[in-house]
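Below: one structure, written as C-alpha cells.
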Amino acid sequence: MSEKQFEQRLKQIFEYFHQRPELSYEEYNTTSKLAELLRNIGVDILDLPLKTGVVGEIKGEKGKPIIAIRSDIDALPIDEETNLIYKSKNPGRMHACGHDFHMTSILGAAYLLKKDQSKLNGTVRILFQPAEESSHGAEEILKTDALDGVEAVFGLHSAPDLDVGVLGTNVGPLTAAVDRFEIEVIGRGTHAAHPEIGIDPIIIVSNIITALQTIISRNLCPSNSAVLSVTHVESGHTWNVIPERAYIEGTVRTLDEQDRILVPKKMRKISQEIAASYGGKINFIWHEGPPATNNDKKLTEMAIKVAQNIGYKVRIIQPKLGGEDFAYYQEKLPGAFVNIGVGKGESLHSPKFKIDESALLKSSLYFKNLAEKALITIDKN
C-alpha cells in the first residue's frame, strides 16, 4: 500500500467512526469494529474481561520491554451541527472531542508497527479504552491485565487550538485533576409571608456560593492554577413558599495535589459554618475524579525529539484545566501525553467541532516511530 493509499484508508476509517459515535460504556459497535480492523491486519487481541474497549498486542522477536499506546473511543451526548457529508448518523451523539481521530491515529500506528513487526525491539500494546468522558474508563482497563509488564504508556488528544503539523506537550502536569461536588442545604420551609418562622435555604446557599469563590483566591498560591465552578443551583417549586432545601453542584480543577486535598476541606468547613449561622445544616458530597496528568521528564523529552524528527513543529504548552483519565495510567507507570494539532477551529465539545483529516497520516507515523523509539530506549536502560 502506497503512502497515498494508506492516507486514504485512514480517512475512510476516521469517517466510519465519526458517523457512528457511541456514549461511554455503550461503545459496542465501536469495539466490534476496532477488533475487526486489528484482526484484519494480524494483530493479536488480548482476552480481557472488558464489556467495551479492546486491547491488541504486537510482539517483536524479543518479548520485552513492553510499552503501550492508548486511544479513547467514546463520544458525547451532542447533536452534531457540522455540514460534513460524513456527519453523525446517531441522533444526540457526536465525536465532538476527537476520539475518532485518536482511534484512527492509533489504528494507523498499529498497521505500520505490524508491517515492521520483525524489527520491533519488544512488544507494543494497543489500548482502545472505553468511557474517557465518564472520567473512569481508564480504571476499567486497569482492573484487567492489560498493563501487566508495561514499562511506559503514551497517549494523545486532538487540539483544535493548534495547526495541523504542530504538536504540543510539556513535562509535568498537562491537564488538571477533575473532581465534582454536591452540597445540599437543609433549612425549614414556611410560607413566603412569614420568613421569620422558617430557615431559608436559598439565603444560605447564596452565601455559600459567594464564599466558596474565596477559597481559590485566598487559600491557594497565586501561581497555582485552579478553578472552582458552581454549575447547578436548584431550590423551590413555587412563588409563595420558602422551600425546605436547596442544592448546588459543580466542579473543582487543580494541578497541585496539595491544593486538591485542601480545597474540599475548606469547602466543607465554610459551608457548614455558613449554614449553622442561619440555623441550617448541609450535606457535603465529594466525588473524586481523575488526577492531574503528570508527564515523565525523560519520556516527554523523547516524545518531543521523535516529533521533531518526523517534521512536527513542537510547542511547549501550559497546563490546561480540562481533565483526562490517562492520568490514572500515569499513577501506575511513567507516561507521556501529547496534543496534536487538528486545525484551528471550534473548541472541543462544540456541536460544530471538526477535524482536519490531513492530520491523520502524520499522527499515525508519529506513534509508530514513538513506540519503536521507546522500546529501544527502555531496553538500553
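The values are calculated or read from the model by the stated rules, or taken from the named source; none is laboratory data. Everything quoted here is computed from the prediction, not taken from an experiment. Note that each Cβ is placed from the backbone with ideal geometry, even for glycine, and that neighbours are counted across all protein chains shown.
Overview of results
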read-out	value
Test set (1) surrounded by 13 or more Cβ atoms within 10 Å (Cβ to Cβ); (2) over 30 Å from E196 (Cβ atoms) - K297 fails condition number	(1)
Flag if G63 is surrounded by fewer than 17 Cβ atoms within 10 Å (Cβ to Cβ), touching a strand residue (DSSP E or B) at 6+ places or on another chain (Cβ under 9 Å) and small (G, A, S)	yes
Of residues in segment 1-36 being assigned to a loop (DSSP other than H, G, I, E, B) and either within 19 Å of H95 (Cα to Cα) or modelled with pLDDT of 95 or more (or both), the one nearest to the chain's Cα centre (by Cα)	S24
Residue list for segment 354-380, restricted to those being surrounded by fewer than 21 Cβ atoms within 10 Å (Cβ to Cβ), under 25 Å from the mean Cα position of the chain (by Cα) and either of a type in the set (S, T, Y) or part of a loop (DSSP other than H, G, I, E, B) (or both)	K354, D356, S358
Residue list for segment 229-271, filter: over 30 Å from H194 (Cβ atoms), buried (at least 20 other Cβ atoms within 10 Å of the Cβ) and aliphatic (A, V, I, L, M)	V252, L255, V263, M267
Segment 89-100: number of residues that are in contact with a helix residue (DSSP H, G or I) (Cβ under 6 Å, 6 or more places away or on another chain) and in a loop (DSSP other than H, G, I, E, B)	2
Of the criteria (1) under 27 Å from P130 (Cβ atoms); (2) buried (at least 21 other Cβ atoms within 10 Å of the Cβ); (3) not charged (D, E, K, R), which one P351 fails	(2)
For I45: the one exception among (1) free of Cβ contacts under 8 Å to residues at least 40 places away in the same chain; (2) of a type outside the set (K, R); (3) out of contact with any strand residue (DSSP E or B) (no Cβ under 6 Å at 6 or more places or on another chain)	(3)
Residues of segment 80-137 satisfying the condition of being on the phi > 0 side of the Ramachandran plot and among the hydroxyl-bearing types (S, T, Y)	S135
Every residue from segment 142-171 that is in contact with a helix residue (DSSP H, G or I) (Cβ under 8 Å, 6 or more places away or on another chain) and over 25 Å from G343 (Cβ atoms)	L142, L147, E151, A152, V153, V171
Flag if A96 is touching a Phe, Trp or Tyr at 6+ places or on another chain (Cβ under 6 Å), farther than 30 Å from P65 by Cβ and crowded, with 24+ Cβ neighbours inside 10 Å	yes
Where a residue in segment 294-322 is in contact (Cβ under 8 Å) with a residue 12 or more places away in the chain and its partner, wherever it lies, is among the aromatic types (F, W, Y) and assigned to a strand (DSSP E or B), with Cβ under 8 Å and at least six apart	N295/F337; L299/F154; A303/F154
Residue list for segment 137-152, restricted to those being under 15 Å from the mean Cα position of the chain (by Cα) and of a type in the set (V, I, T)	I141
Residues (free of Cβ contacts under 8 Å to residues at least 12 places away in the same chain and under 27 Å from K143 (Cβ atoms)) located in segment 8-42	N29, S32, E36, R39
Sole residue being acidic (D, E), outside the structural domain of A374 (by TED's automatic domain parsing) and part of a helix (DSSP H, G or I), chosen from E273, E249, E301	E273
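One line per residue, one yes/no per condition, for (1) assigned by TED's automatic domain parsing to the domain that holds D74; (2) buried (at least 22 other Cβ atoms within 10 Å of the Cβ); (3) at pLDDT 95 or above; (4) in a loop (DSSP other than H, G, I, E, B):
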| position | (1), (2), (3), (4) |
| --- | --- |
| A109 | yes, yes, yes, no |
| L112 | yes, no, yes, no |
| I183 | no, yes, yes, no |
| T210 | no, no, yes, no |
| Q213 | no, no, yes, no |
